[in-house]
Amino acid sequence: MFRQASRLLARTTTATTWRRSRAFSTDLPATPTEDSTFIESWKKVIPNMDPPKTPSSFMTPRPATPSSIPSKITVNFVLPYASELSTKEVDMVIVPATTGQMGVLPGHVPTIAELKPGILSVHEGNDVTKYFLSSGFAFIHANSVADIIAVEAVPLDCIDPALVQKGLAEFTQRLGTATSDLEKAEAQIGVDVHSALNSALTG
Amino acid sequence: MAMAALRREGRRFAPLISPRPITAFRSSPLAPTREDEGPIGVRYISTQVVRNRMKSVKNIQKITKAMKMVAASKLRAIQTKAENSRGLWQPFTALLGDTPSVDVKKNVIVTVSSDKGLCGGINSTSVKISKALHKLNSGPENETKYVILGEKAKAQLVRDSKKYIELIITELQKNPLSYTQVSVLADDILKNVEFDALRIVFNKFHSVVSFLPTVSTVLSPEIVEREAEAGGKLGDLDSYEIEGGETKGEILQNLTEFQFSCVMFNAVLENACSEQGARMSAMDSSSRNAGDMLDRLTLTYNRTRQASITTELIEIISGASALEG
């Protein structure tokens with residue numbers, strides 16, 4: 001009997017600690033904002049079922065546009081497998097847009113920028129953190145929040161220069177011998193990424 | 001009718017008249033079953049039958065317990081991935097807003113479901129929501145089509161909505177889920193399906209016991225422009241400057257495709273988590289039921305066993321007392 005009691009106790013404590021350690025930081029916010037027109041039209045047509053939730057009810061609402069330019073810019077840098085930086089206050093970010101390196105300061109005009117493979121540098125006081133991005137998008141909002149979404153990003157010290165050279169040579173050769181449009185496009189992408197990696201390591 | 005009544009009476013007294021020859025034949029070593037007939041009208045089921053039933057129920061309980069453990073370990077593996085991918089769709093919703101009530105001509109409903117069963121009611125919920133969305137968005141000029149991911153939704157939707165199904169994709173989880181695989185899938189869907197708005201229906205993983213059906217909306221670039229001009233949530237999209245690319249349309253096209261692949265990635269991961277969680281709770285309740293059934297069968301077995309022992313004793317004692325006096 002005591003063995004069972006200890007087992008039950010262990011089960012409840014492990015269950016609760018498991019639940020506590022798995023507390024979601026990206027949970028439903030205290031005041032969920034929902035699309036009321038959707039819910040109303042749903043209720044009219046399908047009164048018996050609860051309406052499904054929409055992404056806006058799972059998001060923490062963004063801050064409103066301040067009247068004066070804030071001193072810091074809030075950066076959210078996300079990758080498919082992790083959120084590298086979330087709501088980090090920094091002084092400046094430099095993003096590798098397709099039109100060139102673009103510096104973003106607080107109070108930047110709202111922009112949607114497509115990114116090419118290159119270096120993202122985050123400046124916080126005297127610290128500079130550099131990542132090599134594979135490409136993606138950057139949104140800069142009017143309330144000095146910058147969202148950077150990339151498919152893949154690595155810190156610069158994780159890149160092996162020998163492999164970069166090898167890859168560059170291989171893709172240049174493939175570009176030369178490519179026949180179909182698809183092969184040419186793939187080889188071109190390879191060349192672009194590797195040359196960007198090369199310049200990232202040297203520059 | 002009198003004959004039938006007499007026959008019924010005869011059957012009731014039959015055990016007392018000639019039980020011995022029947023049971024004597026049956027209690028040979030090759031046939032261990034004993035049909036014990038005690039006082040008038042009482043029949044006991046054989047202990048062998050009960051024992052067989054108990055063995056099968058115990059095996060089922062073992063299997064469901066094992067399935068629960070497997071689901072728990074799979075859930076732990078995929079839950080971290082899903083949590084990490086939650087930041088992926090938020091920038092898009094912050095920029096383009098969340099517009100599930102948008103009115104468009106060509107709706108496409110992407111239903112995400114599992115391939116394997118025994119996972120509770122999550123697939124039925126997804127299908128119900130998809131059908132309801134179909135009903136909500138149907139109108140004189142509107143057409144709504146389905147793109148189905150997963151065997152379970154396919155089985156349910158093929159039955160009555162076969163003509164609306166555009167594309168069916170199965171065996172999604174054969175290899176561990178990765179962004180590359182999902183982006184190839186998203187590319188397939190975007191190439192083959194014409195849409196004005198894509199509505200992705202999936203179960204969002206809230207906790208191990210709660211799954212929230214969710215619908216995410218992705219608009220095509222033309223509709224984004226239309227809504228931006230009309231004002232409302234996307235009204236200040238025009239105030240954003242476009243960097244890179246030649247035209248705004250091209251950027252919006254890339255943006256839509258990227259948004260779709262990101263939202264799909266999150267949706268597929270969340271649905272996989274929900275599937276494992278639902279399977280865990282389904283298997284848990286199943287093993288608990290099996291345990292209850294086993295308890296009841298054990299009681300029946302003991303009762304049967306004790307009753308047969310008692311009748312044997314009665315026979316012996318009444319035989320002995322008949323001999324004495």
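A few notes on this one:
- Every pair of residues 6+ apart whose Cβ atoms lie under 7 Å, when the first sits in the range B:223-248 and is facing chain A (nearest Cβ under 8 Å) and surrounded by 16 or more Cβ atoms within 10 Å (Cβ to Cβ) while the second is modelled with pLDDT of 85 or more and in a loop (DSSP other than H, G, I, E, B): B:TYR240/A:PRO110; B:GLU243/A:THR99; B:GLY244/A:THR98; B:GLY244/A:THR99; B:GLY245/A:THR98
- Looking across B:THR99, B:THR111, one residue alone is in contact with a Ser or Thr (Cβ under 8 Å, 6 or more places away or on another chain) and under 30 Å from A:THR87 (Cα atoms). It is B:THR99.
- Breaking point among (1) surrounded by fewer than 20 Cβ atoms within 10 Å (Cβ to Cβ); (2) among the aliphatic types (A, V, I, L, M); (3) in contact (Cβ under 8 Å) with a residue 40 or more places away in the chain; (4) at the interface with chain B (Cβ under 10 Å from one of its Cβ atoms), for A:ILE159: (4)
- Scope the range B:249-270; condition farther than 13 Å from B:LEU96 by Cβ and in contact (Cβ under 8 Å) with a residue 12 or more places away in the chain; matching residues: B:GLY249, B:GLN253, B:GLU257, B:SER261, B:MET264, B:PHE265, B:ASN266, B:ALA267, B:VAL268, B:LEU269, B:GLU270
- Filter result for B:ARG288 (buried (at least 20 other Cβ atoms within 10 Å of the Cβ) and basic (Lys, Arg)): no
- Residue selected from the range A:74-107 under the condition charged (D, E, K, R), free of Cβ contacts under 8 Å to residues at least 40 places away in the same chain and in a strand (DSSP E or B), by the criterion nearest to the other protein chains (Cβ to nearest Cβ): A:LYS88
- Of residues in the range B:148-167 being exposed (fewer than 13 other Cβ atoms within 10 Å of the Cβ) and basic (Lys, Arg), the one nearest to the other protein chains (Cβ to nearest Cβ): B:ARG159
- Scanning the range B:300-318 for residues that are within 25 Å of B:LYS55 (Cβ to Cβ) and of a type in the set (Gly, Ala, Ser) turns up B:ALA307, B:SER308.
- Test: residue in the range B:198-212 that is surrounded by 15 or more Cβ atoms within 10 Å (Cβ to Cβ), at pLDDT 90 or above and more than 14 Å from chain A (Cβ to nearest Cβ): no
- Complete set of residues in the range A:108-143 that are small (Gly, Ala, Ser), surrounded by fewer than 20 Cβ atoms within 10 Å (Cβ to Cβ), farther than 19 Å from B:CYS262 by Cβ and within 14 Å of another protein chain (Cβ to nearest Cβ): A:ALA142
- When restricted to residues that are part of a strand (DSSP E or B) and either acidic (Asp, Glu) or within 12 Å of chain B (Cβ to nearest Cβ) (or both), the range A:62-73 contains 0.
- Pick from the range A:40-60, criterion in contact (Cβ under 8 Å) with a residue 12 or more places away in the chain and either more than 9 Å from every other protein chain (Cβ to nearest Cβ) or of a type in the set (A, V, I, L, M, F, W, C) (or both), ranking: surrounded by the fewest Cβ atoms within 10 Å (Cβ to Cβ): A:MET59
- In the set (1) outside any helix (DSSP H, G or I); (2) under 27 Å from B:HIS206 (Cα atoms), B:ASN271 fails one condition alone, (1).
- Test: B:ALA77 is more than 10 Å from every other protein chain (Cβ to nearest Cβ), without any contact (Cβ under 8 Å) to a residue 24 or more places away in the chain and assigned to a helix (DSSP H, G or I): yes
The rows are residues; the columns are (1) over 28 Å from B:ALA278 (Cα atoms); (2) within 14 Å of another protein chain (Cβ to nearest Cβ); (3) not basic (Lys, Arg).
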{"position": "B:SER101", "(1), (2), (3)": "yes, yes, yes"}
{"position": "B:THR111", "(1), (2), (3)": "no, yes, yes"}
{"position": "B:SER124", "(1), (2), (3)": "no, yes, yes"}
{"position": "B:LYS135", "(1), (2), (3)": "no, yes, no"}
{"position": "B:TYR146", "(1), (2), (3)": "no, no, yes"}
{"position": "B:ILE169", "(1), (2), (3)": "no, no, yes"}
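- Test for B:ARG279: is it away from every other protein chain (no Cβ under 14 Å) and without any contact (Cβ under 8 Å) to a residue 24 or more places away in the chain: no
The values are calculated or read from the model by the stated rules, or taken from the named source; none is laboratory data. Note that the structure is predicted; figures quoted are calculated from it, not measured. Cβ atoms come from the backbone with ideal geometry, glycine included; neighbour counts cover every protein chain shown.
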